[in-house]
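Some notes on the structure that comes next.
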Amino acid sequence: MRIVPQLLGAAIAAALISTPVFAAELTGTLKKIKESGTITLGHRDSSIPFSYIADATGKPVGYSHDVQLAIVEGLKKQLDMPDLKVKYNLVTSQTRIPLVQNGTVDVECGSTTNNVERQQQVDFSVGIFEIGTRLLSKKDSPYKDFADLKGKNVVTTAGTTSERILKAMNADKQMGMNVISAKDHGEAFNMLESGRAVAFMMDDALLAGEMAKAKKPTDWAVTGTPQSYEIYGCMVRKGDPDFKKAVDDAIVAYYKSGKINDTYTKWFQSPIPPKGLNLMFPMSNELKALIANPTDKAADDKPAEEKKS
Amino acid sequence: MNYNWDWSVFFKSTGVGSETYLDWFISGLGWTIAIAVVAWIVALILGSLLGVMRTLPNRFIAGIATVYVEIFRNVPLLVQLFIWYFLVPDLLPPDLQEWYKQDLNPTTSAYLSVVVCLGLFTAARVCEQVRTGIEALPRGQEAAARAMGFSMMQIYWNVLLPQAYRIIIPPLTSEFLNVFKNSSVASLIGLMELLAQTKQTAEFSANLFEAFTLATLIYFTLNMSLMLLMRLIEKKVAVPGLMSLGGK
């Protein structure tokens, strides 16, 4: 019976020797990526111009997707895996959090706002974009700001921060608005265009994206005082600091190299697929500040002096 | 899995007025019931009418009912809803259209669309059940009633329908439950019924599993109670010795 512990000892020794030294230090997602040789990226299908599908290949494109690819490049270097394979997994606003949590998706970059509720479930990378929540309305209409919307039909997208702000504003200021919650941005814009609502409240960058899709983009304008600022981040599994650091480092290096500016120009100030429309959406001061000082905090709990509102 | 369970989420404030998430579920349940009950009344009345039409000797009238059933049964419910919500209002005359889209409360117009859609959709299914219920009766019943000098109206009202309805209570029950489950399509046109409130809670609180667990329990309890209620009705109206109960 003496042989059992000896065999066990030999087995452990063999296992230790045969494992490359650096791999033994890896944990969590990094270990999973190293061992499987694959990383799974979560992407959206219609968050224009952040992460969306523009052609029949089914592969995502967009601003957030370019940042995501920069993360992949960073991981290739850090893990010394030039052949790291990329797998894509489409997520929706309802599935994105559970799919990150259960390990289906390793990193999700789309148009996900970093907020304190979500931080209970997932960790966020440093911010990749900052938006203000504003209005889209007809250029020649009298609806230029939130105060003009008393007693009117206003549309927003279900499950967004805009919906929450709009409903709270309606309750607090007794504005008597009819808040319509459309199932996605495209349908919300339909309701605006067909006259069911006089204004559409949403993240300004997404409004620019919807405007570009309109039959006559010049008829519409993004207007109104921003009601909140929000930072988009990439989601990673909670409690995996090594992977989060790798992701953050890759994003910060992307900012430092200045490549982020080219990416911004490519998606917000040049014609984009599929229709070759130009959003003509210059970089905001908030985003410039975020790129200069990357943070993984939600916009709400940023230090007061950084807040512009 | 790396999930942070928090069942107290339902008692937390939503940030909208002083509402808690539980308030949202309660109001959502209210809308679900309001949609389903009204749509069911529409379906039962129209479906019965169509079911009778399909069994009439007049080929033209029976044909109309058949066409209705084929159209409404073979187009997906969601497609029908989008037609009622997006397309039909655009066919109204301009003045009426303006009023419907601008002045009418958007919740009301969404509610109208979904009730009409669900009512007409379910009517096609009720129609088929009423028809089979009538056809399941022995032919002699109609002949006997006719021989006694009953009018067509009297034959259906006094002889055929009372028996047919008793036979089809079980399949009608399952249609009744289907209306409640199908009412969840309303969440896609911005009507804040139970599923819409569930999704909203999941998005706002990031507690997706708690929200959907509660919704599952509510739907389950609601449908179980309805099923028991229907079973009670079935027993109450049963006529001893009638052939529909022959198996017992």
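Check whether at least one residue in the stretch A:111-129 is out of contact with any helix residue (DSSP H, G or I) (no Cβ under 8 Å at 6 or more places or on another chain), over 25 Å from residue A:189 (Cα atoms) and either of a type in the set (Asp, Glu) or in the same structural domain as residue A:64 (by TED's automatic domain parsing) (or both), and report yes or no. Yes, because at least one residue in the stretch A:111-129 is out of contact with any helix residue (DSSP H, G or I) (no Cβ under 8 Å at 6 or more places or on another chain), over 25 Å from residue A:189 (Cα atoms) and either of a type in the set (Asp, Glu) or in the same structural domain as residue A:64 (by TED's automatic domain parsing) (or both). Of all residue pairs spaced 6 or more apart or on separate chains, none has beta-carbon atoms under 9 Å together with a first member in the stretch B:16-30 that is more than 12 Å from chain A (Cβ to nearest Cβ) and a second member that is loosely packed, with under 15 Cβ neighbours inside 10 Å and assigned to a loop (DSSP other than H, G, I, E, B). Take the conditions more than 9 Å from chain B (Cβ to nearest Cβ), of a type in the set (Ser, Thr, Tyr) and surrounded by fewer than 22 Cβ atoms within 10 Å (Cβ to Cβ) and apply them to residue A:141. Does it pass? Yes; evaluated as a whole, the condition is true for this residue. State whether the residues of the stretch B:122-129 include one that is among the polar types (S, T, N, Q) and over 20 Å from residue B:178 (Cβ atoms). Checked against the condition, which is being among the polar types (S, T, N, Q) and over 20 Å from residue B:178 (Cβ atoms), the stretch B:122-129 yields no hits at all.
Scanning the stretch A:136-172 for residues that are out of contact with any helix residue (DSSP H, G or I) (no Cβ under 7 Å at 6 or more places or on another chain) and among the hydroxyl-bearing types (Ser, Thr, Tyr) yields a total of 5. The residues of the stretch A:163-181 that are within 7 Å of chain B (Cβ to nearest Cβ) and buried (at least 24 other Cβ atoms within 10 Å of the Cβ), listed by number, are A:180, A:181.
In the stretch B:237-245, the condition of being within 14 Å of chain A (Cβ to nearest Cβ) and either hydroxyl-bearing (Ser, Thr, Tyr) or touching a residue at least 60 places away in the same chain (Cβ under 8 Å) (or both) is met by no residue. Taken over the stretch B:1-38, the residue count meeting the criterion of being hydroxyl-bearing (Ser, Thr, Tyr), surrounded by 14 or more Cβ atoms within 10 Å (Cβ to Cβ) and more than 27 Å from residue A:175 (Cβ to Cβ) is 2.
The single residue among B:14, B:20, B:55 that is under 24 Å from the mean Cα position of the chain (by Cα) and among the β-branched types (Val, Ile, Thr) turns out to be B:55. One residue alone among B:198, B:221, B:216 is within 14 Å of another protein chain (Cβ to nearest Cβ) and of a type outside the set (Gly, Ala, Ser), and that residue is B:198. Per the conditions (1) touching a helix residue (DSSP H, G or I) at 6+ places or on another chain (Cβ under 7 Å); (2) at pLDDT 95 or above; (3) more than 17 Å from residue B:126 (Cα to Cα), the sole criterion not satisfied by residue B:79 is (1).
The values are calculated or read from the model by the stated rules, or taken from the named source; none is laboratory data. A quick note: this is a predicted structure, and the numbers were derived from the prediction, not measured. No Cβ is skipped: glycine too gets one built from the backbone with ideal geometry, and neighbour counts run over all protein chains shown.
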